[in-house]
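What follows is a short report on a single structure.
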Amino acid sequence: MSLARIHNFSISLDGFATGEPQSLEAPFGHAGHRLHQWMFATRFWDASGADGVDNAFAERHGPGIGAEIMGSNKFGPPGWRDDPEWTGWWGPNPPFHTPTYVLTHHPRSPMEMEGGTTFHFLDATPAEALQIAREAADGQDVRIGGGPTVVRDFLAAGLVDHMHLVQVPIVLGRGVRLWDGLESIEDGYDIEAISSPSGVTHLTFARKASSGTSTTAAGGRHSGVGGAG
């Protein structure tokens, strides 16, 4: 069975994965790009960037991924559903290069982009979306791409097999928090922490064998909100 994976997901010291308010001009609200500066400095992001621990973690984002699931607010700013011309933040050649499933209460026809990305728009529970994405992934893993509300929904439903979080040493104070409602989620995972000279801490959550497989969980209906991260 393919795994459901999360990679390069950044949160602040107080647990926020995006700021507020989100808009076309500010995809991450008042957080700006502060949560992602660690990644922008890596060779994974920029050929002139640095090697090292941050780059080693960042590079794990792509290999073995056959499909992606993201939330409505990662695909676009508030109001994109009313704009038939909106095709996402990423231009004509998005970086996913796989079938990509956008969870939204306002489905529309699939959108085929350059480079192998096709956006599909689903009104589905996390469990239903994961089943569809796994079929499209054809034996490869499925990446849960965010934003924080979608990640939280998949964690709450017991559907995440592997999660890489990056704790960034900033305090946002407001926004969309990852951990709300997930008390004791750590009990189901083996967790490792690695500190980086950049100041961030890489946290890896690997599902414990005794906690069962992700196919046994029943997911609730997604809320369709969350930041672009």
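Taking loop as defined by DSSP and a crowding limit of 16 other beta carbons within 10 Å, which trypsin sites (Lys or Arg not before Pro) in the stretch 106-193 fit? Walk me through the numbers before you get to the answer.
Details: sites: 108, 134, 143, 152, 174, 177; in loops: 108, 174.
Filter output for the stretch 106-193: 108, 174.
Take 142, 171, 200 and order them by how many other Cβ atoms sit within 10 Å, fewest up front. Show your work: numbers first, answer last.
Values: 142 30, 171 10, 200 23.
Lowest to highest Cβ neighbour count: 171, 200, 142.
Relative contact order of the chain: what whole-number percent is it, with Cα pairs under 8 angstrom and at least 6 residues apart?
Numbers: 525 pairs, mean separation 70.9, N = 229.
Rounded, it is 31 percent for the chain.
Starting from the amide H of residue 8, placed 1.01 Å from N in the peptide plane, find each other amide H under 5 Å away whose residue is 5 or more places distant or on another chain.
So residue 8 has HN proximity to 164.
List the residues, sorted by chain then number, that are 5 or more residues from residue 42 or on another chain and whose placed amide H is less than 5 Å from its amide H.
Placed amide hydrogens put 50 under 5 Å from residue 42.
Across the chain, how large is the tail of the calculated P(r) beyond 29 Å, expressed as a percent of all Cα pairs? Working shown, then result.
Details: 5562 of 26106 pairs.
When every Cα pair of the chain is considered, 21 percent fall beyond 29 Å.
Given only helices, namely DSSP H runs of n ≥ 4 each adding -39500 (n - 2.57), what is the per-residue ellipticity at 222 nm of the chain, to the nearest 500 deg cm²/dmol? Can you show the working numbers first?
Numbers: 5 runs with 35 residues, N = 229.
It comes out at -4000 deg cm²/dmol, rounded to the nearest 500.
Can you give me the long-range amide H partners of residue 118? Hydrogens built in the peptide plane at 1.01 Å from N, cutoff under 5 Å, separation of 5 or more residues or another chain.
Amide H to amide H, under 5 Å and 5 or more residues apart or across chains, residue 118 pairs with 98, 100, 113.
What does the charge add up to near residue 149, with Lys and Arg as +1, Asp and Glu as -1, over the other residues with Cβ less than 11 Å from its Cβ? The partial results should precede the final answer.
Numbers: positive: 74, 152, 177; negative: 153, 180.
With Lys, Arg at +1 and Asp, Glu at -1, the neighbours total +1.
Cα-based Rg (one decimal) and Dmax (whole number) for the stretch 80-198, in Å?
Considering the stretch 80-198 through its Cα atoms, Rg and Dmax are 16.3, 45 Å.
FYI, it's all coordinate maths here, none of it is from the lab. All values derive from a computational prediction rather than experimental measurement. As a convention, Cβ positions derive from the backbone with ideal geometry for all residues, glycine included, and neighbour counts pool all protein chains shown.
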